[in-house]
Structure formats: structure tokens, C-alpha cells
Amino acid sequence: MLNGICYLFVYGETASWINADAIKADDLVICADSGIVTAQQAGVIPDIVIGDFDSYTGDMPKGAEVIRLSTRKDDTDSLAALKEGLHRGYRQFVIAGGVSDNFAHTFANVHLLAYAHQHGAEAVIYARTSTIYYLENESKSFKAEAGTRFSVLAYGGVAEGVDISGAAFPLDNATLNGKYPIGLGNGSTGDFSVSVRKGGILVIVDVDGQ
């Protein structure tokens with residue numbers, strides 16, 4: 001297992017802090033197909049580009065390893081990129097982009113968070129206006145200013161024993177399910193924490209996008 005971070009650039013606008021200065025020597029940068037454009041916009045040079053390249057037809061970044069995939073495949077290009085990072089020993093993933101005008105791709109990218117967790121890794125989506133975390137049978141504390149908007153939603157079935165503290169609308173041992181979107185649009189009173197005793201949840205934190 002490597003100590004660095006694997007940055008996965010996928011289609012969509014990414015958080016403003018993700019740029020060339022954020023990438024350290026032991027990090028790895030993988031672009032999934034048109035994630036090449038996302039990386040270019042952030043001023044980041046990839047180590048690896050992977051995909052069937054049905055949505056990116058420009059020149060390949062100089063010096064990058066190119067992994068070409070068939071257009072007839074089960075895995076999305078983003079999932080293939082995540083698998084490549086896992087194969088190379090990374091267990092911390094920053095997904096740069098991932099939220100876009102294509103809902104199907106956005107929803108599929110959220111699945112990457114659960115896939116990473118299932119394989120002993122942690123992945124977080126950093127988009128322009130939101131940061132998306134996946135928790136399963138665990139708790140997490142968040143640094144936040146008062147008034148930060150966030151949502152907690154069940155993912156993958158029923159989530160039991162959900163607690164939220166440090167919020168305008170706290171929860172104590174609640175049960176959430178994917179058929180009723182309670183947990184949308186909460187607000188922090190400062191730092192806050194979220195936990196789930198059994199099941200999976202998404203924690204979606206709004207950012208200003210600037």
C-alpha cells in the first residue's frame with residue numbers, strides 16, 4: 001500500500017484547490033477519457049490516461065502512459081481508472097470532477113465511492129460546488145463554518161443508527177432509506193459529525209464553487 005494520493009480526473013468541473021501545486025511527488029494522477037480536459041483546466045499533467053476515448057479525441061498528454069480500452073466493456077472509464085489506481089497500490093483517492101450535466105455519469109461516479117470502500121480504500125468526490133463522501137458502518141467528523149449546508153442520504157439500501165451532531169437538524173439513532181430523502185439540506189452550527197451503525201450513507205457538503 002502506497003502513502004500517496006491517487007488523483008482521478010473525470011468529466012466535470014473540479015474543486016478550485018485541485019491544481020498542480022496540490023500534487024505531491026508520491027501522488028499519482030490518472031485521467032479517465034475526457035477527464036484529460038478536467039486536468040488541463042486545473043493545470044495538472046497526468047501520469048496515466050485511460051479510456052476508450054469516445055468522448056476525448058484530442059492529443060494525448062505528453063509523457064503520459066496511455067491505456068486504451070475497448071468501447072465494448074462493462075466498466076466505465078472512471079471505474080477502470082479507479083481499478084488501475086488500486087492495482088498500483090493506492091488506497092486514498094481524490095476524484096476530481098465527477099459531477100456534471102450528465103446525470104447518468106454523475107450517478108455512476110458516486111458508485112465509485114462505495115466500490116473503493118469495498119476494496120479497502122477511501123475515495124472522495126471533489127466537484128466545483130460539492131464534496132461527496134461515502135460512509136459505511138463508521139463515523140466521520142467534518143471541519144466546517146457555521147451555516148455550511150450539507151445533506152445525509154441513505155445509499156445502497158437501509159441505513160440504521162444514523163447520528164448527526166453539530167447541525168441545525170440533528171439525528172439520533174435514525175433509520176434512513178433510499179425511498180425517502182430525509183436528510184437533505186441540513187446546516188452546520190460549526191464542526192459537525194455523522195455516523196452510521198449499519199449500512200451506507202452519502203454525506204454531500206456544499207461548497208461555494210469559487
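Values in this text are rule-based calculations from the coordinates and carry no lab data. All values reported here derive from a predicted model rather than from experimental measurement. Cβ placement follows ideal geometry from the backbone for every residue including glycine, while neighbour counts extend to all protein chains displayed.
Here are the numbers for this structure:
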| item | result |
| --- | --- |
| Beta bridges by DSSP in segment 50-146, antiparallel share as percent, to the nearest 5 | 20 |
| Viscosity 0.890 mPa s, temperature 25 °C, Stokes-Einstein D of segment 39-138 from Kirkwood C-alpha radius, µm²/s | 169 |
| DSSP beta bridge pairing in the chain, given as percent antiparallel to the nearest 5 | 60 |
| Qualifying lysines (Cα of each under 18 Å from Cα of residue 198; at least 8 residues distant if same chain) | 140, 179 |
| Residue order, fewest to most beta carbons within 10 Å, for 77, 54 | 54, 77 |
| Chymotrypsin sites (Phe, Trp or Tyr not before Pro) within segment 1-87: DSSP coil, no more than 14 neighbouring Cβ in 10 Å | 17 |
| Computed E for residue 57/residue 136 - FRET, C-beta separation, R0 45 angstrom, nearest 0.05 | 0.75 |
| Spatial separation of Cα centroids for segment 56-77 and segment 137-166, in angstrom | 36 |
| Which of 129, 71 has the fewest Cβ neighbours within 10 Å, and the rest in rising order | 71, 129 |
| Rh (Kirkwood; distinct C-alpha pairs) - segment 52-94, Å | 11.9 |
| Between helix 103-118 and the chain: long-axis angle, C-alpha atoms, 0 to 90°, nearest 10 | 80 |
| Equivalent ellipsoid, the chain (semi-axes from 5 times Cα gyration tensor eigenvalues, Å) | 31, 18, 15 |
| Ranking of 45, 95 by count of other Cβ atoms within 10 Å, fewest first | 45, 95 |
| Tilt relative to the chain, helix 77-87 - C-alpha long axis, 0 to 90 degrees, to 10 | 90 |
| Qualifying trypsin sites (Lys or Arg not before Pro) in segment 34-125, DSSP loop, other Cβ atoms within 10 Å at most 10 | 62, 72 |
| Orientation-averaged projected area, Cα convex hull of segment 133-206 (nm²) | 3.9 |
